[in-house]
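No value in this document is a laboratory result; all are computed from the given coordinates. Because the structure is a prediction, the values reported are computed rather than measured. With ideal geometry, Cβ positions are generated from the backbone for all residues, glycine too; neighbour counts draw on all protein chains shown.
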Amino acid sequence: MAAMLHSVGVTSASVTSNKFTAFSINSLPVIRSESRTVSFAINGTRKTGKVTTKAVATQAENPTSAASKPGHELLLFEALREGLEEEMDRDPRVCVFGEDVGHYGGSYKVTKGLADKYGDLRVLDTPIAENSFTGMAVGAAMTGLRPIVEGMNMGFLLLAFNQISDNCGMLHYTSGGQFTIPTVIRGPGGVGRQLGAEHSQRLESYFQSIPGIQMVACSTPYNAKGLMKAAIRSENPVVLFEHVLLYNLKERIPDEEYILSLEEAEMVRPGEHVTILTYSRMRYHVMQAAKTLVNKGYDPEVIDIRSLKPFDLYTIGNSVKKTHRVLIVEECMRTGGIGASLTASINENFHDYLDAPIVCLSSQDVPTPYAGTLEEWTVVQPSQIVTAVEQLCKQ
Amino acid sequence: MAQLTHRTSSLLKPLSFALSSTRHLSSTTPITVETSLPFTGHNIEPPSRSVETTPQELIKFFRDMALMRRMEIASDSLYKAKLIRGFCHLYDGQEAVAVGMESAITRKDCIITAYRDHCLFLGRGGTLVEAFAELMGRKEGCSKGKGGSMHFYKKEGGFYGGHGIVGAQVPLGCGLAFAQKYSKDENVTFAMYGDGAANQGQLFEALNMAALWDLPAILVCENNHYGMGTAEWRAAKSPAYYKRGDYVPGLKVDGMDAFAVKQACKFAKEHALKNGPIILEMDTYRYHGHSMSDPGSTYRTRDEISGVRQERDPVERIRKLVLAHDLATEKELKDTEKEIRKEVDDAIAKAKESPLPDPSELFTNIYVKGYGVESYGADRKELRAVLP
């Protein structure tokens, strides 16, 4: 399955950092916001070629993809909408709560057209009251409805933290199993394009210790739709992390219905030398660095962990047992982020298999600045990934 | 022949219809009772003060309230004996709200409240053994011992808890009302909170949404005049909680009079089904402190507490009504109380014997049946992860 970065101005084409470090970065392959498409191969064939003018969906020998039909092409937000629509058709108890999800169509167009189709009560435009409409979603879920709460930006859900942690996460336990809370809490997060500190938050680390919830992060249209459907069907509360800059990714996905496992990681690129664990937008930075690494002779194995809580230690473990070196690349903060937990997890479980200490590249522990260059420096760039792999493999 | 018995108390003005001299303990002869105080309305015409009841209901009220009172006092002793740990918020003094509300609604209506939930749990069909076992952290508790005093739930009875964080249950209550409107099932939700929680922002957010979408939500403020140690006039600029809804109508009710509560809840249910949310303020009082760790006397005088107990006690009011209508003798009522005492003691003994939860229960009910969902790719092959 080939994923193509369709640059429409809001992609992760932010690799053009000129005065980044002591390295001369000017020679890095740049994916500019022009109408150039670059194809990565997810599995099987390793395409080191950079630019293809006509993007063709290559059918790699991916056993989980549809080998029969070509499928249809869409953008990530459309894939989310498709998954949502299919589930709303299937189960009349599924409803959506959020600001501007109804008549406006969703601030990222994920719920566009759904209010016309299903009515105002099923696609509910709420006032700006995150704490209480998240609470309302939990209350509705206690009676059997399956609400999906959209935070216009993940950062706004901090206002609903009490409802998410106490009521969403814990009610199933404190009621001795009497009530299930099948909610999905979703929204875009992550560092965008100069959106400012309060609108560039990564909440994975704040929610990760809440017992009772599951967290997943989508990164391609294929897994976005699959994870959305799985999250809606799950009886547990699921937090689905999307990324502001990935909404316009284009990919060809199968026509048939499919659901992905909420606890499974995705093997993006098998390899031998080093395991690179990543999720969400950093996957694309990693894949870009992977191209450089392949040119330099390394063979990285890239895994998109997808499931942030619980970690898919099975896939990760098998990879660690094969390569013996781990690099974690994440957009979360350094302190107490997903990478920190993952490092601890891998160290605990697979210590004997490691040849070198785990390296974790995360965002800097700073509020995201507005200035473009500063913003680039807060997140991990492909050049840093390349350096880290080189150093890791030297040991 | 008609018997009009006048009692010395000026609170009661019983108007009884024909009753023979023998007591019809289970009869359904209608009796009309006047509430002690008139209702005060905000943006709404208050209901009448005359409440229809039957002897059966009167005796039931007495029994239920005496049971609740006994349970709370027994919990007090259990707490002091260190069998109940942590937080224990007792409801004695406020029983009229629980009993009056229960008599006006069905089990399909939902009730959600904060942490002072033991008596409401009983009213919704919970048993004494479940309650005491949960308080003592035993397996037979209503939440399998994993919730505690503040997390009583009864799904079949329509009792949604049992919440520790002040005010957080009100948006949940509006969510329950939303689900009722969504399923179009003509039931209402009573979201209860206290005078302390009345200052929470999420309450007004939820009220706004309930009013916007005409949800059948009834917000009930159990105003016992103290938010833990802070008197209401020190915490709220406007302690007229029934008026704080502004565009939402409100009703102020004497919460120590079970019949006033019953009338108000009936009225509110009819209103909510047609017109959307309404706020009920129950003027009530708690004899114990905020919780067992609060003596309850540092911020109020003992005279005040005993004064309320003498003049407004809900159980006494019903007792006087029962005696006034000649439905039972003093001795019979005392016998009922003895029975109740025995019932409670038996339940405590049974709960004490019940086992503690198994250590493996630590990890159950975190997720529903393990994890996630059955997943499949487009070619229908299952992709379920196997975790170590």
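Summary table below
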| item | result |
| --- | --- |
| Rg over Rh, two decimals, the protein assembly as shown (C-alpha only, Kirkwood Rh) | 1.07 |
| Rounded tilt (10° steps) of B:330-353 against the dominant C-alpha axis of chain B | 20 |
| Separation between Cα centres of the range A:71-92 and the range B:243-257, rounded to whole Å | 46 |
| 10 Å Cβ neighbours from other chains, averaged over peptide B:143-153 | 4 |
| Placed amide H near A:L361: partners under 5 Å, 5+ positions off or other chain | A:I328, A:V329, A:E330 |
| The range B:104-246 shape via C-alpha gyration tensor axes, a/c threshold 1.5 | oblate |
| Partner chain coverage, peptide A:167-173 - average Cβ within 10 angstrom | 6 |
| Highest-first arrangement of B:195-205, B:165-175, where packing means the average Cβ count within 10 Å | B:165-175, B:195-205 |
| Angle in degrees between helix B:314-324 and the longest Cα principal axis of chain B, rounded to the nearest 10 | 40 |
| For A:158-164, mean number of other protein chain Cβ atoms within 10 Å | 2 |
| Karplus 3J(HN,Hα) series, Hz, for the range B:88-94 with 6.51 cos²θ - 1.76 cosθ + 1.60 (x for Gly, Pro) | 9, 9, 9, 10, 5, x, 9 |
| Relative contact order computed over the range A:223-303 (Cα-Cα under 8 Å; 6+ residues apart), in percent | 33 |
| Beta bridge orientation in the protein assembly as shown: antiparallel %, DSSP, nearest 5 | 35 |
| Shape category assigned to chain B from the gyration tensor of Cα positions, a/c cut at 1.5 | prolate |
| Using alpha-carbon coordinates, inclination of helix B:169-183 to the longest axis of chain B, degrees | 80 |
| Qualifying trypsin sites (Lys or Arg not before Pro) for the range B:89-130 [loop in DSSP, other Cβ within 10 Å: at most 15] | B:R107, B:K108 |
| Candidate lysines - alpha carbon under 19 Å from B:K144, same-chain residues fewer than 8 apart omitted | B:K154, B:K155, B:K350, B:K352, B:K369 |
| Cα gyration tensor shape of the range A:100-190, rounded if a/c is under 1.5, else prolate or oblate by comparing a/b with b/c | oblate |
| Highest to lowest packing among B:299-305, A:81-87, scored as the average C-beta count within 10 Å | A:81-87, B:299-305 |
| Top of B:L83, B:L362, B:L58 by mean-square fluctuation, Gaussian network on chain B, Cα under 10 Å | B:L362 |
| Whole-Hz ³J(HN,Hα) from phi, Karplus 6.51 cos²θ - 1.76 cosθ + 1.60, for the range A:223-231, glycine and proline x | 6, 4, 5, x, 6, 4, 5, 5, 5 |
| Highest-MSF residue in chain B out of B:M65, B:M150, B:M209 [GNM, Cα springs under 10 Å] | B:M209 |
| Peptides ranked, highest mean first, by Cβ atoms within 10 Å: ranges A:278-284, B:344-350, B:86-92 | A:278-284, B:86-92, B:344-350 |
| Unsatisfied cross-links (Cα-Cα over 25 Å) in the set A:K250/A:K309; A:K117/A:K225; B:K60/B:K320; A:K112/A:K229; B:K181/B:K237; B:K60/B:K269 | A:K250/A:K309; B:K181/B:K237 |
